[in-house]
Amino acid sequence: MDTADGIDIAGILATDTWYRDLPPSLQQALLRIGVPRRMQPGQRLFSRGDATNGLYTVLEGRLAAIDVSEHGDESVQLHLEPVSWFGEMGLYDRLPRVHHIRAEQPSTVLWLSDTLLREHLRQEPEHWFHFGLLLTQKLRLALFVLEGRKVDSNDLRVARILLMLAKSALSGTGQTKQRVSVQQQEVAEMLGMSRQTVNQALQRLKAEGLLQLAYGKVDILDLQALQAKVHFENWLPLMRSPK
């Protein structure tokens, strides 16, 4: 990966709620430590089992987090788009990576070296709180989806995963995208369903006026109704950043 030039890194990060809420000294440290790197489609950023080497965020393009079965079969678990942060678990436990991360289109990521980031946190230990907040926000979204796998109908399980993707599960934004670019087969792999079952659920959600379907994407037509359908209001207070 080559160093990227001509990218307004500060401007891109400023669109992210988590970054905007950081103390100015931490914002400046991330800009100082961060190294932008370009990736080409199909290029792997790191592999499952690799040693952790820091935190990343997507500035441009789109990456995929890929799971691997015991038989070596790969399945996309999440898409990572701007501004998506990932890798903060390793900042805490230093354990190996648990996913393959691969570029799906020409992309730029910002790499925050584990060594340099830890040195900053040694000097400013109060800044650990903000990375913990990033981690817990994503954990709550993951638990939201996991809970749905156990108790919900197929329609609600699909609705939950779409809402998680719209909420940018691997970012700290707390913002919601109206358009989710995802293949039905990928949704099926995320939920352990057949593609036919996912399609039937999507068609029923479409019939309720919640979604509009097109090739490779889902448009959320009524976000409030979709959130109400899956009782997302019970989770919303838990996902807001403390003041």
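One line per residue, one yes/no per condition, for (1) at pLDDT below 90; (2) under 22 Å from Leu141 (Cα atoms):
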residue	(1), (2)
Val35	no, no
Arg38	no, no
Gly42	no, no
Phe46	no, no
Gly49	no, no
Thr57	no, yes
Val68	yes, yes
Ser75	yes, yes
Leu78	yes, yes
Task: Subset of the range 159-207 that is open to solvent by 30 Å² or more (accessible area, probe 1.4 Å), closer than 19 Å to Gln224 by Cα and not in a helix (DSSP H, G or I) - its residue that is modelled with the highest pLDDT - done: Arg179
Open item on the list: So, Leu95, is that one on the phi < 0 side of the Ramachandran plot and buried (at least 20 other Cβ atoms within 10 Å of the Cβ) or not?
Closed with: no
TODO: Could you list all residues from the range 2-32 that are closer than 30 Å to Val68 by Cβ and either part of a helix (DSSP H, G or I) or open to solvent by less than 30 Å² (accessible area, probe 1.4 Å) (or both)?
DONE: Ala4, Asp16, Trp18
- [ ] Mind counting the residues in the range 33-72 that are outside any strand (DSSP E or B) and touching a helix residue (DSSP H, G or I) at 6+ places or on another chain (Cβ under 9 Å)?
- [x] 5
Open item on the list: Condition (residue is open to solvent by 30 Å² or more (accessible area, probe 1.4 Å), more than 26 Å from Arg122 (Cα to Cα) and more than 17 Å from the chain's Cα centre (by Cα)) applied to the range 74-91: is it met by at least one residue?
Closed with: yes
Open item on the list: So in the range 109-150, with the set limited to residues that are charged (D, E, K, R) and modelled with pLDDT under 95, which one is most open to solvent (accessible area, probe 1.4 Å)?
Closed with: Lys150
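The values are calculated or read from the model by the stated rules, or taken from the named source; none is laboratory data. The model shown is predicted, which means the values in this text are computed figures rather than measured ones. Reconstructed Cβ throughout: ideal geometry from the backbone, glycine too, with neighbour counts over all protein chains shown. What goes into the accessible areas is simple: the full protein's heavy atoms, side chains included, and nothing from ligands, DNA or RNA. Shrake-Rupley method; radii C 1.70, N 1.55, O 1.52, S 1.80 Å.
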